[in-house]
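This report concerns only the one structure given below.
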Amino acid sequence: MFKLVGISTSPVKDSNTHLFLSEAVKPHLNRPDAEITLIEAGRLKIEDCLHCNHCMFKQTPERICSIDDDMKQIYEAVIPADGIILATPVYFCRLSGHMARVIDRLRAVHYGKAVPGGMKNKVGAGLSLAWYRHGGLETTLLTMHLAFLVMEMIVAAPGSFGGSGLASPGGEGAFDPKDKHQILKDEFGLSMARKTVDRVFELMAMVRAAQR
């Protein structure tokens, strides 16, 4: 059974970002060999990493991090996962602060005393969603890819830089108050997001075969 965790970090209720993630994994939801968990981390209470080094010296399986907040929910899903998809809105040509906090706090999994190297060889993929066409989609993906590499993960990309989408028609910035889910009209973006997830499953299968 492959365990895949998708984490979105838009603070907006019923967001385009979480919808983008949901649409990306949809073709795989009925797989008998997969367990897919989606988490709206942007709606959770997650504090900044304190760099107190509790995780490196005092960590236990029961207390992964010294901070008592909703990151516990993410740790519980990520530690046993084979693959992780991070989906973030683009803020000022970079990932959101919500996603930055999640990534920073994953330090406790990779460098933790109780789960050393806990992120190593997991497959990681990024999805980014921007309002404007040149708003920083690739910059955002690159930031997440670099985090994956530092944690010794395997980066999944669909033959291009990654899965990215536009939340306004053509990325031109037009707003329609009657249709707040414009991502559903970005057929190319949705296609690349789905191909990204396809690649995640391909790589998870390769890692599983290599570990046998």
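Residues whose amide H falls under 5 Å from that of Ile39, counting only those 5 or more places apart or on a different chain, are Gly6, Ile7, Ser8, with hydrogens built in the peptide plane. DSSP assigns beta bridges within the chain; of those with both partners inside it, close to 15 percent run antiparallel.
Counted residue by residue at 0.36 nm each, then reduced by the alpha carbon distance between them, the extension gain from Val12 to Phe57 reaches 12.6 nm. For Lys3, the residues whose amide H sits under 5 Å from its own are Glu35, Asp82, Gly83, ignoring neighbours fewer than 5 places away on the same chain, with H placed 1.01 Å from N. Between the alpha-carbon centers of the stretch 40-63 and the stretch 148-172, tell me the distance in whole angstrom. Computed from Cα coordinates, the inter-centre distance equals 26 Å. Dividing the helix sum by the residues of the chain, where each DSSP H run of 4 or more adds -39500 (n - 2.57), gives a mean residue ellipticity at 222 nm of -10500 deg cm²/dmol.
Cα-based values for the chain, radius of gyration first and Dmax second, are 16.7, 52 Å.
Applying 1/(1 + (r/R0)^6) with R0 = 41 Å to the Cβ-Cβ distance of Leu149 and Phe175 gives a FRET efficiency near 0.70. Each part gets one Cα centre, and for the stretch 67-116 versus the stretch 121-136 those centres are 15 Å apart. Per residue, the average separation of C-alpha pairs within less than 8 Å and at least 6 apart gives the stretch 114-212 a relative contact order of 31 percent. Residue-wise HN-Hα couplings along the stretch 32-47, as the Karplus relation 6.51 cos²θ - 1.76 cosθ + 1.60 with θ = phi - 60° gives them from phi, are x, 9, 9, 10, 10, 10, 10, 10, 8, 5, x, 9, 9, 8, 10, 8 Hz; Gly and Pro carry x.
Quick one: compute the contact order of the chain, relative version, from alpha carbon pairs under 8 angstrom and 6+ residues apart, as a percent.
22
Within the accessible surface of the chain, defined with a 1.4 Å probe on protein heavy atoms only, the carbon and sulfur portion equals 54 percent.
Which one of Val197, Gln211, Gly159 is farthest out on the positive end of the charge dipole of the stretch 133-212, using unit charges on Cβ (Lys, Arg +1; Asp, Glu -1) and the Cα centre as origin? The residue sitting most towards the positive pole is Gln211. Rounded to the nearest 0.05, the FRET efficiency derived from the C-beta distance between Lys185 and Thr37 at R0 = 25 Å is 0.35. Neighbours of Glu23, meaning other residues whose beta-carbon lies under 14 angstrom from its beta-carbon, give a summed charge of 0 when Lys and Arg score +1 and Asp and Glu score -1. Net charge dipole, the chain: roughly 380 debye, given to the nearest 20, about the Cα centre with Cβ charges of +1 for Lys and Arg and -1 for Asp and Glu.
The values are calculated or read from the model by the stated rules, or taken from the named source; none is laboratory data. From a predicted model like this one, the values you see are computed outputs, not experimental measurements. Here Cβ is always computed from backbone atoms with ideal geometry, including for glycine, and neighbour counts include all displayed protein chains. Surface accessibility is based on the protein's heavy atoms, side chains included, excluding ligands, DNA and RNA. Shrake-Rupley method; radii C 1.70, N 1.55, O 1.52, S 1.80 Å.
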